[in-house]
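Note sheet for the following structure.
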Amino acid sequence: WPRLGQLTFSSTLEKQKTLKADKEVDVKQLHLHKPLEVTWPKVNKQLLSSLNKSCDSCFTPLQRELFCIMNTYRDLFYPERTALTNGEEIRLAYCLHALNHVLKANAQVLSNNGKRRDRKLGIDTDEYRDQGLTRPKVLMVVPFRECALRIVHNLISLLEVNSDKKIDVSNKKRFKGEFGSEPEEKPPNLKRPEDYEAVFAGNIDDHFRIGVAILQKSMRLYAPFYSSDIIIASPLGMRTVIGAEGEKKRDFDFLSSIEILIIDQADIYLMQNWEHVLHLMKHMNLLPLDSHGVDFSRVRMLNLNNWSKYYRQTLLFSALQDPQINSIFNKHCFNYTGQVAVRNIPQIGSISHVVVQLPHVFRRLEAESLTSVIDTRFQFFVDKVLPEYRDAIMSHTLIYVPSYFDYVRLRNYFKKEELNFVHICEYTKKAGICRARRFFLKGEKQFLLLTERFHFYKRYTIKGIKNLIFYELPTYPHFYSEICNMMKATDSGVDATWTCTVLYSKYDAQKLAAVVGIDRTAQMLQSKKNVHLFITGEN
């Protein structure tokens with residue numbers, strides 16, 4: 001497609017056919033619910049002007065193509081959503097889709113209520129089956145309270161036809177107090193990359209859930225889940241209410257009739273706790289344990305037959321392609337209308353953004369299976385890589401470890417071998433971080449173990465690096481160039497002894513392509529030898 005690029009479409013029912021993008025979309029052709037036809041162009045125009053983006057029509061090219069897919073009710077996976085560039089226009093597009101769905105569903109219920117009152121008593125018919133087993137229709141999973149705040153602001157804006165007709169929003173003051181943030185003064189010397197500032201803007205608490213009820217001329221925030229149309233929550237917020245097997249107080253019946261599941265910024269959950277996402281997916285669209293006062297004569301047959309999961313649309317947005325995110329799309333999404341995934345291959349890797357002259361050695365390890373790769377990597381590192389760095393000449397060695405479990409294993413091994421090292425992870429206290437950074441910079445400690453999550457949440461510049469080991473390729477490709485470029489924080493000149501070693505296996509093809517590009521990846525996976533790349537500041 002012109003803007004989305006390479007799409008893959010799969011369906012268990014439909015024959016393979018080419019999906020074509022609509023070149024121009026008229027709002028009236030989309031059959032939006034009445035107020036949205038008026039409010040959408042205005043709200044979107046305001047957003048685009050605030051982002052310094054111009055657009056002739058009421059959709060940006062990205063919004064138009066995404067909404068065309070959303071409106072067919074197919075599952076969608078878009079792995080190029082970034083907080084810095086397109087995050088807000090995507091958020092507004094899925095808010096329009098979710099609100100349109102809820103308004104139409106509620107309008108149908110109200111219409112059928114009137115018809116039932118008018119019809120003669122005693123006549124039973126399936127015409128009026130217009131509801132699920134529970135009321136919530138849309139679940140939006142977002143990482144931080146700030147994201148929920150922006151979604152609610154979008155929903156309010158889309159419901160207000162003009163400035164004179166403001167809708168009544170109950171509990172608005174409480175919501176702003178709990179989900180808003182005080183503008184805190186940051187130290188003037190604290191510099192963070194732009195993408196960090198965009199992701200961690202506002203209130204970044206990750207434990208919340210809130211029900212939103214959409215009424216005829218008002219909106220109710222903090223509605224009980226069984227009286228809500230839309231639920232906005234974080235994975236942790238969902239995990240604590242769903243509970244675990246054996247717990248007395250747990251509830252997941254409200255997930256039984258979810259018709260649209262939106263998982264935004266899925267990559268951030270890899271840095272939080274991915275288990276919470278898997279736990280949520282296992283409890284989606286199960287038959288409720290209690291009736292919750294439902295009128296069974298109004299419940300759709302697909303819900304009664306426990307077919308809800310085949311009619312649920314899942315919209316998955318992420319900043320990257322990752323096997324764990326792919327598995328959610330492949331193993332937990334059963335939409336009978338089919339699935340659309342954006343599958344663009346990175347032509348140029350993040351290695352091109354390394355500005356220091358540095359030899360990069362990619363060392364391939366051979367693993368028999370995906371399950372054995374963890375142990376194989378550890379053994380390869382201990383037997384073949386670490387002995388080369390034990391010499392005192394190879395001081396100032398930073399070891400970057402994406403997985404916390406690998407980090408603990410390495411830390412325990414280093415302690416057992418009594419190696420001269422310090423370690424920093426996301427749980428290390430501020431005093432411990434300062435002490436470790438100082439020892440490493442002065443050369444009092446030879447090794448520094450650093451976790452990816454620490455880098456994700458803090459983005460500190462580690463000074464004093466002369467040797468760099470990537471125990472595994474980073475989850476975010478731009479972290480590779482960021483870590484390599486930390487070397488220039490030490491010396492203004494080029495140090496001829498600087499080294500960079502990367503461990504990879506054939507199972508890291510996706511991450512490898514994002515770092516070195518698709519052409520080099522193909523060569524590296526075909527060759528059994530180690531690959532040496534020398535990157536200068538120019539290429």
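Miscellaneous remarks
- Degrees separating the helix 61-70 axis from the principal Cα axis of the chain, which is the longest one: 60
- Percent of beta bridges antiparallel (DSSP, the chain, rounded to nearest 5): 25
- HN-Hα J in Hz across segment 99-115 - Karplus 6.51, -1.76, 1.60, θ = phi - 60°, x for Gly and Pro: 5, 4, 5, 5, 4, 5, 5, 5, 5, 5, 4, 5, 4, 5, 4, x, 5
- Peptide ranges 443-454, 214-225, 282-293 listed from the most packed, as the mean C-beta count within 10 angstrom indicates: 443-454, 214-225, 282-293
- Three-way shape label, segment 337-387, alpha-carbon gyration tensor, a/c 1.5: oblate
- Arg298, Arg250, reordered so the largest accessible area comes first (probe 1.4 Å): Arg250, Arg298
- The residue list Ile258, Ala223, Ile210 was ranked by how far each Cα lies along the charge dipole of segment 174-264 toward its positive end, using unit charges on Cβ atoms, and Ala223 comes out on top.
- Of all DSSP-defined beta bridges confined to segment 350-536, some 20% are antiparallel rather than parallel.
- Where only C-alpha atoms are counted, convex hull volume of segment 272-316 per residue in Å³: 106
- Set of lysines near Lys45 by C-alpha distance (under 20 Å), chain-local residues within fewer than 8 positions excluded: Lys23, Lys28, Lys34, Lys53, Lys165, Lys166
- Rounded to the nearest 10 degrees, the inclination of helix 145-159 to the longest alpha-carbon principal axis of the chain is 30 degrees.
- Think of each Lys and Arg Cβ as +1 and each Asp and Glu Cβ as -1; about the Cα centre, that makes the dipole of segment 350-536 roughly 580 debye.
- The aspartates and glutamates whose alpha-carbon is closer than 15 Å to the alpha-carbon of Lys445, local same-chain residues fewer than 8 away aside, are Asp391, Glu417, Glu418.
- Convex hull per residue volume in Å³, alpha carbons only, for segment 350-536: 114
- Net charge dipole size for the chain [Lys, Arg +1 and Asp, Glu -1 on Cβ; Debye, nearest 20]: 660
- Residue-averaged 222 nm ellipticity for the chain, from DSSP H runs of 4+ at -39500 (n - 2.57), nearest 500: -11000 deg cm²/dmol
- Evaluated over the Cα positions of the chain, the convex hull gives a direction-averaged projected area, one quarter of its surface, of 29.8 nm².
The values are calculated or read from the model by the stated rules, or taken from the named source; none is laboratory data. Every value quoted in this text rests on a predicted model; they were computed, and no experiment measured them. Quick reminder, even Gly has a Cβ in these numbers, built from the backbone with ideal geometry, and neighbours come from all protein chains shown. Keep in mind that these areas ignore ligands, DNA and RNA; they rest on the heavy atoms of the full protein, side chains included. Shrake-Rupley method; radii C 1.70, N 1.55, O 1.52, S 1.80 Å.
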